[in-house]
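Read-outs: derived from the displayed coordinates by stated rules, not from any lab. Remember, predicted model here, so these are calculated numbers, not experimental data. Glycine also receives a Cβ, built like all others from the backbone with ideal geometry; neighbour counts cover every protein chain displayed.
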Amino acid sequence: MTSSSDRSAKAPDADLVARFAAIVGADHAITAPAEQAPYLVEWRDLYVGRTPLVVKPATTDEVSRVLALANAEGVGVVAQGGNTGLVGGQIPAEAGTEIVLSLKRLNRIRSIDPAATSLTVEAGVTLHEVQEAARQAGRLFPLSLASEGTATIGGNLATNAGGVAVLSYGTARSLVSGLEVVLADGSVWDGLKALKKDNTGYDLRDLFVGSEGTLGVITAATLKLFPEPRERATAFAALPSLDALLPFFQLAEEQAGGALTAFEFMPQELLDFVIRHIPGTRVPLAERSPWYVLIEISGASEGRASAALDGILGDAITAGLASDAAVAASLQQAAELWRLREAASEAQKGEGGSIKHDISVPVARVPEFLRKAAHVVERVCPGARPVPFGHFGDGNVHYNISQPREMAKADFLALWDTMARAVHDVVVSLGGSISAEHGIGRLKVDELQRVKSPVEIELMRRIKDALDPKGILNPGKLLSR
């Protein structure tokens, strides 16, 4: 796992730590290592950082004052939401020179306007809380992730999160109409608008969405809401081969159109992992198959989604694209089917070491990628077990690889950089991206330099230098120092 080297910097002294603490109050400034621990470890244990201070501001003004002081004193600041990121972007460096800015106390829902289909929330509100607020207003906020109970909306936007509903609704970037952002020098941009059209110059909103806290700290957002579907129909279908995956998706898309809200895929071996390691899960079909698809259709009126799903499954079976399917007859059964897909990452922990890739390729080339990547994996580490899964409809593959059964975990994980480079070479050869939804963080800094053109890298550096000339915002993340 590569990351950029830490620049030589001094940690803030006791006097400066006290000045930061005074901004947020002593009760919300954490210096004790034991209390800091939850803020310093990435959930996969890939990164464990150090910090002299964790500050937890409760208002945009407090964030502004913290950044203004950090900028004046040249102190690095790592903004953190729910600490669910998967590339180390929210973890401070091991050198212990950066402070952590936790946004969890910015947790107010500021306003909701069902008529304007918008919701304004602060950065520390969890994704689940946003979904519930929308639901209580009779609306839908469609962003959905396995970590939605912990992930915060600020982090979702800073990383341009994807999830399982991108097929119909797009990534987080498509779901936000306005932002409030604190810049490196402490100045505040108030761009909280609910406009559907605003053609007045550069799109600053899209500049900050996906910037991973390197250009500014998102403190609030105005989000787009949608009509709540009256019906969702869900099925778990067995495919006879990888060759059936693309034509099955094309059939579903042609028949359902925009009502096709999910088309998730996974192999048999990964399903075995889930059943083996996740309590309460079960195989919903009688016969084993090499590949499975979880498909969801949403409808504006009762019965239409179910009828559309039945038609798709019937035509797929007739055409030999599916061999069997389990259709959820209740919300509970639908949740059980979704659990099989959502537990995929968690289940891999029970199989030892796992090298993970979050990539995208053109949808029509996903099967080609899966075949070529499997050959590459076997070349790099004979016996390693690819267990790819993800969002087929938007070309996003979580290409995860579990260690060979008899191999030591440490020996396998030592191959991370070699494996990542080999897999990413396949991705680039197919016109894809080395990060579909997780971002760059620390994990892929060097790889980004390798696969992006010099022009792209230089443009990003110019933007970074213009907005954060002292380099205090999330140092060493996304772009190397």
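Taking a label point 7 Å from the Cα of ARG288 along the Cα→Cβ vector, which residues of region 233-262 have an amide N closer than 19 Å to it?
So the set is 237-243.
With unit charges on the beta carbons (Lys and Arg positive, Asp and Glu negative) and the dipole taken about the Cα centre of region 231-346, which residue among LEU270, GLN332, GLY314 sits farthest to the positive side?
GLN332
Could you check the spin-label model distance between ALA466 and LYS409? Points 7 Å from the Cα along Cα→Cβ, value in nm.
4.6 nm
Of HIS357, SER429, VAL387, which is farthest along the charge dipole of region 352-451 in the positive direction, counting Lys and Arg as +1 and Asp and Glu as -1 at C-beta?
Of the candidates, VAL387 comes out farthest on the positive side.
Quick check: net charge around THR84, other residues with Cβ under 11 Å of its Cβ, Lys/Arg +1 and Asp/Glu -1? Walk me through the intermediate numbers first.
On the way: positive: ARG44; negative: GLU42, GLU148.
My count for the surroundings of THR84 gives -1.
Taking the square root of 5 times each eigenvalue of the Cα gyration tensor, what semi-axes in Å does the equivalent ellipsoid of the chain have, largest first? Walk me through the intermediate numbers first.
Values: eigenvalues 290, 149, 78 Å².
After diagonalising the Cα gyration tensor, the semi-axes are 38, 27, 20 Å.
Considering only C-alpha atoms, what is the centroid distance from region 39-98 to region 331-401, in Å?
31 Å
ARG230: net charge of surrounding residues, Cβ under 11 Å, Lys/Arg +1, Asp/Glu -1, itself excluded?
It works out to a net charge of -1.
Under unit Cβ charges (Lys, Arg +1; Asp, Glu -1), what dipole magnitude, rounded to 20 debye, does the chain have relative to its Cα centre?
Details: 47 positive and 57 negative charges, 97 e Å.
About 460 debye.
Report, in deg cm²/dmol and to the nearest 500, the calculated mean residue ellipticity at 222 nm for the chain, where each DSSP H run with n ≥ 4 adds -39500 (n - 2.57) and the sum is divided by the residue count. Display every interim value, and only then the final one.
Working: 17 runs with 163 residues, N = 481.
Taking each H run of at least 4 residues, the total per residue is -10000 deg cm²/dmol.
What's the center-to-center distance, using Cα atoms, between region 257-277 and region 140-215 in Å?
27 Å
With point charges of +1 on the Cβ of Lys and Arg and -1 on the Cβ of Asp and Glu, referenced to the Cα centre of region 131-233, which listed residue (SER168, TRP189, TYR202) lies farthest in the positive direction of the dipole?
Highest projection toward the positive end goes to SER168.
Any idea how far apart GLU228 and ASP315 come out in nm if each label point goes 7 Å out from Cα toward Cβ?
Spacing of the two 7 Å Cα→Cβ label points: 3.1 nm.
Could you give the dipole magnitude of region 231-346 about its Cα centre, charging the beta-carbon of Lys and Arg +1 and that of Asp and Glu -1, in debye to the nearest 20? Please report the intermediate quantities before stating the final value.
Working: 7 positive and 16 negative charges, 52 e Å.
The calculation lands at about 240 debye.
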